[in-house]
Amino acid sequence: GDQREIEMRFMPYTDTQLLVIARDITQLRKLERLRKDFVANVSHELKTPLTVMNGYLELLEEPLNVPPEMLTKALHDMTLQNQRMQKMVEQLLTLSRMEGQSQDTFTRKVVMSELINQVIQELQPIIAAKGLALQLDVADGISVLGNEEKLRAACSNLITNAIKYGKENGHLRVTWLLVGQFAEFSVEDDGPGIAAEHVPRLTERFYRVEKDRNSATGGTGLGLSIVKHALEHHRSYLQVESAPNQGSRFFFRIVPELLVSE
Ligand code: ADP
């Protein structure tokens, strides 16, 4: 709870006196607990796909006894689990690399319109595969002073989620525009939406809304924690407007670096 934890140390001072050193270690303990939780979570998340793969590998020890359709399913599931683990490890490495960067490393002018257009270009194949109608509204002259890798990760993860959770043949709207004195990046989808009770927890590492948790495939629950981290670097934070069956809008606001008049 809110109780503080104090560590006391006693040292001889003079023949008749003791020196008492008291240290508030509440914060230290909290960090230790977070680190332990994190290691436990990572282990747990990796265990699930490994267990699935082990099960199939045992089955495949005698491949001739396995019906062909089972064989196909086994290989398919193992591929998915493997991809999921790979994604998880990549994202954990991204998080750890980002945490290692101090606030002012790699701070330069980032031309957001270029960055967003590149991200869209990269994601074009999966946008097309899902039959999404893309509405792109990206202002040219608004840049940001910041870390390009982090801004790219923030935009890319948000757009990827909108594609992943969006409705088949639905709409996807991506904007980068001035809103008052701020520049706003926004991604809107017409997917399942998110109930209010989940919203405050979305950026926790490994947090997934219940129904997604159960699916063997699906994501890692790390994407939005990367977004959160990337935005903190820019003194910005992730905002969400969503309701069940109403789609979602994920956005963040950031102080623009300079405005170029067109
Ligand atoms: P994941 O790898 O599971 O997508 P994220 O950290 O990116 O992990 O997202 C956490 C959870 O938030 C997801 O599991 C999903 O339940 C929910 N979520 C994220 N983006 C959307 C979205 N655009 N629409 C609906 N739910 C979303």
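Full extension of the segment from residue 129 to residue 73, taken as 0.36 nm per residue of separation minus the current Cα-Cα distance, would add 17.9 nm. Our Cα-only numbers for segment 100-169 put the radius of gyration and Dmax at 13.8, 42 Å. Shape descriptor for segment 131-262: Rg over Rh equals 0.97 (Cα atoms; Rh from the Kirkwood inverse mean 1/r).
Note on residue 167: aspartates and glutamates with a C-alpha under 19 Å away, same-chain residues under 8 apart excluded, are 188, 189, 190, 210, 212, 241.
Magnitude of the charge dipole for segment 85-239, about its Cα centre and with charges confined to Cβ atoms of Lys, Arg (+1) and Asp, Glu (-1), is about 320 debye. Sorting 82-92, 50-60 by their mean Cβ neighbour count within 10 Å, with the most densely packed peptide first, gives 82-92, 50-60.
All Cα-Cα distances of the chain, cut into 10 Å bins from zero to the largest, leave 6, 23, 28, 20, 12, 7, 3, 1, 0 percent in each bin in turn.
Among 141-150, 24-33, how do they line up by average Cβ neighbours within 10 Å per residue, starting with the highest?
Put in order of decreasing packing, that is 141-150, 24-33.
In summary, the convex hull built on the alpha carbon positions of segment 74-123 has an orientation-averaged projected area of 4.9 nm².
The alpha carbons of segment 167-238 occupy a box of 43, 31, 21 Å along the principal axes, longest dimension given first.
How high is the relative contact order of segment 1-43, given as a whole-number percent (alpha carbon pairs under 8 Å, six or more residues apart)?
Reported as a whole number, the value is 33 percent.
For segment 150-195, dividing the convex hull volume of the Cα atoms by the residue count gives 92 Å³ per residue.
Taking 0.36 nm per residue of separation and subtracting the current Cα-Cα distance, fully stretching the chain between residue 86 and residue 103 would add 3.3 nm. Here segment 26-111 is described by how far its Cα atoms reach on the three principal axes: 59, 42, 14 Å, from widest to narrowest. The DSSP beta bridges internal to segment 95-220 are antiparallel in roughly 70% of cases. Within the same chain, lysines fewer than 8 places from residue 30 are excluded, and of the rest, those with a Cα less than 30 Å from its Cα are 47, 87, 150, 228. The alpha carbon radius of gyration of segment 54-194, expressed as a multiple of 2.2 N^0.38 Å, is 1.40. Projecting the Cα atoms of 75, 86, 51 onto the dipole axis of segment 47-108, where Lys and Arg carry +1 and Asp and Glu carry -1 at the beta carbon, places 86 farthest toward the positive end.
Placing one equal scatterer on every Cα of segment 1-43 and applying the Debye formula, the log10 ratio I(q)/I(0) at q = 0.18, 0.20, 0.25 Å⁻¹ is -0.65, -0.71, -0.84.
What does the charge dipole of the chain about its Cα centre add up to, to the nearest 20 debye, if the Cβ of each Lys and Arg holds +1 and the Cβ of each Asp and Glu holds -1?
400
Counting only DSSP beta bridges with both residues in the chain, the antiparallel share comes to about 85 percent.
Where a number appears in this text, it was derived from the coordinates with a stated rule and is not lab data. Since we're looking at a predicted model, the values are computed, not measured. So basically every Cβ, Gly included, is an ideal-geometry build from the backbone, and we count neighbours across all protein chains shown.
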